[in-house]
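The values are calculated or read from the model by the stated rules, or taken from the named source; none is laboratory data. Model, not experiment: these values are computed from the prediction. Backbone-built Cβ (ideal geometry, glycine too); neighbour counts: all protein chains shown. Accessible surface areas use protein heavy atoms only, side chains included; no ligands, DNA or RNA. Shrake-Rupley method; radii C 1.70, N 1.55, O 1.52, S 1.80 Å.
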Amino acid sequence: MIDTQAAVLTAFTKPLELTTIRVDDPEPHEVRVAVTNVGLCHSDLHYLNGAVPTGLPAVLGHEVAGVVESVGSQVTGLRPGDRVVGALTPPCGSCTNCDAGWSTQCLRLEQVRRRRRPAFQSADGRPIERLAGIGAFSQHILLRENALVKLPDDVPLHVGCLLACCVITGVGAVFRGARVRPGSTVAVIGCGGVGSAIIQGARLAGASAIVAIDLDEARLEAARGYGATHVINGADGDPVTELHRLLGDGVDYSFEAVGSAGTAETALALVRPTGTACLVGIAPDGARLSIPASDFFFEEKRLIGSYMGSGQARQDIGQLALLYRQGRLLLDEMVTRVIPFAEINDGFTAMKSGDVTRIVADLRS
């Protein structure tokens, strides 16, 4: 067991507290990682604000990259010094969903994450929760070997961490979730980190038109750089009416990357008959949708969800890293700012600004 610094959530809507915690030794299939960088994600904000419940105290954070520090006795594919990215959804490898290639919907995830002892403890020995079994806002974390992916040496850690969540979530929603066809038309609601990745995924998929929708002009301008062919500022009027003016009868695919009932309903309204609306943003606990049944009966629209890229996270992260190395996936441009660990609360405040795509914390500083 070692002592390390972590940002701990002790009360909802309150700032994270930087404090010393204790991190357990690795179990046989586990790896202890010295965290270098963590992306600040809007889903972390849901937990901070209490919109999504979690036990307290807790260490949040999941969009993580770092360096292997030590390995358990049965770890064979990683060794100290390896640069790695975390995968939020480690597969059991044997349930029905894992066999079908849906590791993000592993039926034994809770069993896979279960440990004999708490991974994190306070200085006086009390257990501390870890968001998603990771708890990346800690300078050291424990993850199973199958929840880590080696990162090529020429992929910087401060951009590589984005592959763990927003990029695999966004690009995966395009390729594995909605399965966008070349030449089709796409609309994206919300142009933050995940929305920017969806836009890039649509570009890589060969979409003929990509419409970015947001309330902030700075994000819409950035969306053009990621591949958007049209932009709509939702503050100027009804985005559905404007999209029909631009493209006619709606788009083939729409993606919602905000996480609200209202924008989810708009996503369905944006697609033409037989089109697919894909919900990617995490809505607050208890959110409900109100949508016209006739959209499904008479217009044959489809409404689907996509979680963490809808597929094989470890395989996909490696492929996305290759696309970055080829210059086809823009990651450096998505990192608005790298901040010291001590400024993590300021980073969450800055996320409310429209000129922010992703803020990354450097846990070494």
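Axis of helix 313-325 versus longest Cα principal axis of the chain: the two differ by about 70°, to the nearest ten degrees.
Per-residue SASA remark: CYS92, around 30 Å² accessible (1.4 Å probe; ligands, DNA and RNA not included). Convex hull volume per residue, computed on the Cα atoms of the chain, equals 129 Å³. Computed over neighbours whose Cβ is under 10 Å from that of ILE339, the net charge equals -2, Lys and Arg +1, Asp and Glu -1. For the chain, with all protein chains in place and a probe radius of 1.4 Å, 50% of the accessible heavy-atom surface sits on carbon or sulfur.
Taking a straight Cα-Cα cut-off under 20 Å and skipping sequence neighbours fewer than 8 places away in the same chain, the lysines within cross-link reach of LYS352 are LYS14. Ranking LYS301, LYS150 from most to least accessible surface, computed with a 1.4 Å probe over the protein chains only, gives LYS150, LYS301.
Accessible surface ranking for PHE175, PHE348, 1.4 angstrom probe, highest first: PHE175, PHE348. From the mean inverse distance of alpha carbon pairs (Kirkwood) and the Cα radius of gyration, derive Rg over Rh for segment 73-128. Here Rg/Rh amounts to 1.07. Between ALA197, ALA261, ALA313, the residue with the greatest mean-square fluctuation in the GNM of the chain (Cα pairs under 10 Å linked by springs) is ALA261. Kindly express, to the nearest 10 degrees and within the range 0 to 90, the angle between helix 261-270's C-alpha long axis and the longest C-alpha principal axis of the chain. So the inclination is approximately 40 degrees. Sorting 317-324, 10-17 by their mean Cβ neighbour count within 10 Å, with the most densely packed peptide first, gives 317-324, 10-17.
Grab the other residues whose beta carbon is less than 14 angstrom from that of PRO273, score K and R as +1, D and E as -1, and report the net. Working shown, then result.
Working: positive: ARG272, LYS301, ARG302; negative: ASP249, ASP252, ASP295, GLU299, GLU300.
Summing Lys/Arg as +1 and Asp/Glu as -1 gives -2.
Relative to the dominant Cα principal axis of the chain, helix 217-226 is inclined by about 80°. Extent along the principal axes, Cα only, for segment 50-144: 42, 37, 25 Å, with the longest axis given first.
For the peptides 212-224, 128-140, the ranking by packing is 128-140, 212-224, with the highest mean count of neighbouring Cβ atoms within 10 Å listed first. Place a label point 7 angstrom from the Cα of THR20 along the Cα-to-Cβ direction, then list the residues of segment 102-130 whose backbone nitrogen is under 11 Å away. It comes to 123-124, nothing else.
Placing one equal scatterer on every Cα of segment 301-345 and applying the Debye formula, the log10 ratio I(q)/I(0) at q = 0.31 Å⁻¹ is -1.03.
Over all distinct Cα pairs, what is the inverse of the mean 1/r for segment 234-315, reported as the Kirkwood hydrodynamic radius in Å?
13.5
When the residues LEU109, LEU247 are ordered by accessible surface, computed with a 1.4 Å probe over the protein chains alone, the sequence from largest down reads LEU247, LEU109.
Translational diffusion of segment 169-291, estimated by Stokes-Einstein from the Kirkwood radius over alpha carbon pairs at 4 °C in a medium of 1.567 mPa s, is 94 µm² per second.
With the other protein chains left in place, how much accessible area per residue, in square angstrom, belongs to the chain at a 1.4 angstrom probe?
Working: 14980 Å² over 365 residues.
Roughly 41 Å² per residue, with all protein chains present.
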